[in-house]
Amino acid sequence: MQTDLEKPEPCGRRVDALVGPLQQLAEEIRAINQANGWNVTQANEWADTYKVPAILALIHSEVSEALEAFRKDDGENFMEEMADVLIRVLDCVGGFESDFDAVVRAKLEKNRHRGIRHGGKRV
Ligand SMILES: [Mg+2]
């Protein structure tokens, strides 16, 4: 039996009470980015063979900025750049996935059983 909280909204999204914190953050990020005039990822852009690679390059640029902050021993800027990484990741996945929290939880559960250093990898 489906309760009111489990019924999907007309747009296909679950009601807020069941949306996880990552998905809520993704939606907030996307709203802010749109308000600031940026494009946000749309589900149909998965078919565009240039869109996702461009987004991944932008995520990588934020990782590189974090590396530079680390090299300069700037912990405050390092955290800000890591926040940029998360913002770009959630902006991207928010366009393709409506329950990224579940995806992360499933991956964590998979990792839980991968064993010591995931089968003996060095790093
Ligand atoms: Mg940055």
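When the residues of region 64-73 are filtered to those that are part of a helix (DSSP H, G or I), more than 11 Å from the ligand (Cβ to nearest atom) and not basic (Lys, Arg), the one that is surrounded by the most Cβ atoms within 10 Å (Cβ to Cβ) is 70. Put simply, of 84, 101 the only residue that is in contact (Cβ under 8 Å) with a residue 24 or more places away in the chain and within 30 Å of residue 18 (Cβ to Cβ) is 101. Within region 97-123, restricting attention to residues that are out of contact with any Gly (no Cβ under 9 Å at 6 or more places or on another chain) and surrounded by 14 or more Cβ atoms within 10 Å (Cβ to Cβ), the residue that is nearest to residue 48 (Cα to Cα) is 97. Any residue at all in region 100-122 that is assigned to a helix (DSSP H, G or I) and within 16 Å of the ligand (Cβ to nearest atom)? No, that holds for no residue. Beta carbons closer than 9 Å, at least 6 apart along the sequence or on distinct chains, pair a first residue in region 52-63 that is near the ligand (Cβ under 10 Å from one of its atoms) with a second that is assigned to a helix (DSSP H, G or I) and of a type in the set (Gly, Ala, Ser) for 62/83.
Read-outs throughout are calculated quantities, based only on the coordinates presented, and are distinct from any laboratory measurement. Remember, predicted model here, so these are calculated numbers, not experimental data. A quick note on method: Cβ atoms are made from the backbone with ideal geometry, for glycine too, and the neighbour counts reach across all protein chains shown.
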